[in-house]
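Just below is one structure, and these are the notes that go with it.
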Amino acid sequence: MKVLILDDEPPARRGLKAALNDIGVTDVRDVGTVDQALQAIIDERPDVLLLDVELRGGKKSFDLLHALPVDGIPVIFITAHPEHAVRAFEVDAIDYLLKPVDPQRLKQSLKRVSGAGSNEERPFTRDDKVLFRDGSKNILLRVGDIQVLEASEAYTRLILGDGRGITINGTLKSVRDRLDPDLFFSASRSQAINLEHVANVEDIEGGFMILTMANGVKVELSRRHSGEFRRLKSV
């Protein structure tokens, strides 16, 4: 895989090249301006672009995308500015990574470019920051900060620590399939809970249990799931 980095800070380019080297990607060209990036694309036709958003002189890497001489080069944005995430995905970026870049997170993004592992994508773990779309808004969340998942027909509601919820496209099952199965436990057909945020466990009549989450939300487990929770936690 041939990679082109655009970042106006030499230390940042060196750090990114080191991260790529750590995951076995060595065919890397790095440049510091939009004009240099354009020439490199013409000369070398890279397989993927790693672009910082903010550049010196008031330019942004979005300016490069508008001037691309060829179509279809996948883009991964790498920046310290999460406020640009919405626009990044409006231009169909493959991913949006925040500095400092985790080499393994970068590796996963590059797999999406190549198509490798497309059928076995790594689930998002507690420390991954994921861009979720709630209606017309894009919201960047740390997965571990989600306390409860609730089904709502073809949508799923993500309930956070302050009780606030956002509603995203996708069934509860499809959302859970993208999240760490060791982190989220199925409480019923309509709810899943983050095991790290269970604050209290209460047994009730009939073999059922009620869990109180750290944000105060109470979740009643079905009889079957109550038994699974007892076995899991040895309660």
Requested in this report: Assess whether Arg133 counts as being modelled with pLDDT of 90 or more, surrounded by 13 or more Cβ atoms within 10 Å (Cβ to Cβ) and of a type in the set (D, E, K, R).
Outcome: no
Query - Verdict on Ser226 being free of Cβ contacts under 8 Å to residues at least 24 places away in the same chain, buried (at least 19 other Cβ atoms within 10 Å of the Cβ) and closer than 24 Å to Glu153 by Cα - result: yes
Query - Residues (loosely packed, with under 13 Cβ neighbours inside 10 Å and out of contact with any helix residue (DSSP H, G or I) (no Cβ under 9 Å at 6 or more places or on another chain)) located in the range 174-203 - result: Ser174, Asp177, Pro181, Ala199, Asn200, Glu202
**Report entry** Odd one out for Ser61, checked against (1) touching an Asp or Glu at 6+ places or on another chain (Cβ under 7 Å); (2) without any contact (Cβ under 8 Å) to a residue 40 or more places away in the chain
**Finding:** (2)
Report summary line: Over the range 204-235, the set of residues touching a helix residue (DSSP H, G or I) at 6+ places or on another chain (Cβ under 8 Å) and of a type in the set (Gly, Ala, Ser) is Gly206, Gly207, Ala214, Ser226, Gly227
Requested in this report: Kindly provide the set of residues from the range 204-223 that are assigned to a loop (DSSP other than H, G, I, E, B) and exposed (fewer than 14 other Cβ atoms within 10 Å of the Cβ), ordered by number.
Outcome: Ala214, Gly216
Report task. Check off (1) in contact (Cβ under 8 Å) with a residue 60 or more places away in the chain; (2) farther than 23 Å from Leu140 by Cα for Ala214 and give me the number that stays unchecked. Result -> (2)
**Report entry** Qualifying residues in the range 189-211 (those that are touching an Asp or Glu at 6+ places or on another chain (Cβ under 7 Å) and either over 19 Å from Leu179 (Cα atoms) or charged (D, E, K, R) (or both)) - the one modelled with the lowest pLDDT
**Finding:** Phe208
Report task. Collect the residues in the range 1-41 that are farther than 25 Å from Arg112 by Cβ and either among the β-branched types (Val, Ile, Thr) or touching a strand residue (DSSP E or B) at 6+ places or on another chain (Cβ under 7 Å) (or both), keeping them in residue-number order. Result -> Thr33
**Report entry** Filtered residue count, the range 28-39, keeping only those that are at pLDDT 90 or above and of a type in the set (A, V, I, L, M, F, W, C)
**Finding:** 3
Report summary line: The strands (runs of 3 or more DSSP E) lying wholly within the range 158-198 that contain at least 3 residues that are in the same structural domain as Arg223 (by TED's automatic domain parsing) and under 21 Å from Asn138 (Cα atoms) are 165-169
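The values are calculated or read from the model by the stated rules, or taken from the named source; none is laboratory data. All values reported here derive from a predicted model rather than from experimental measurement. When we count neighbours, we look across all protein chains shown, and the Cβ atoms used for this are built from the backbone with ideal geometry, even at glycine.
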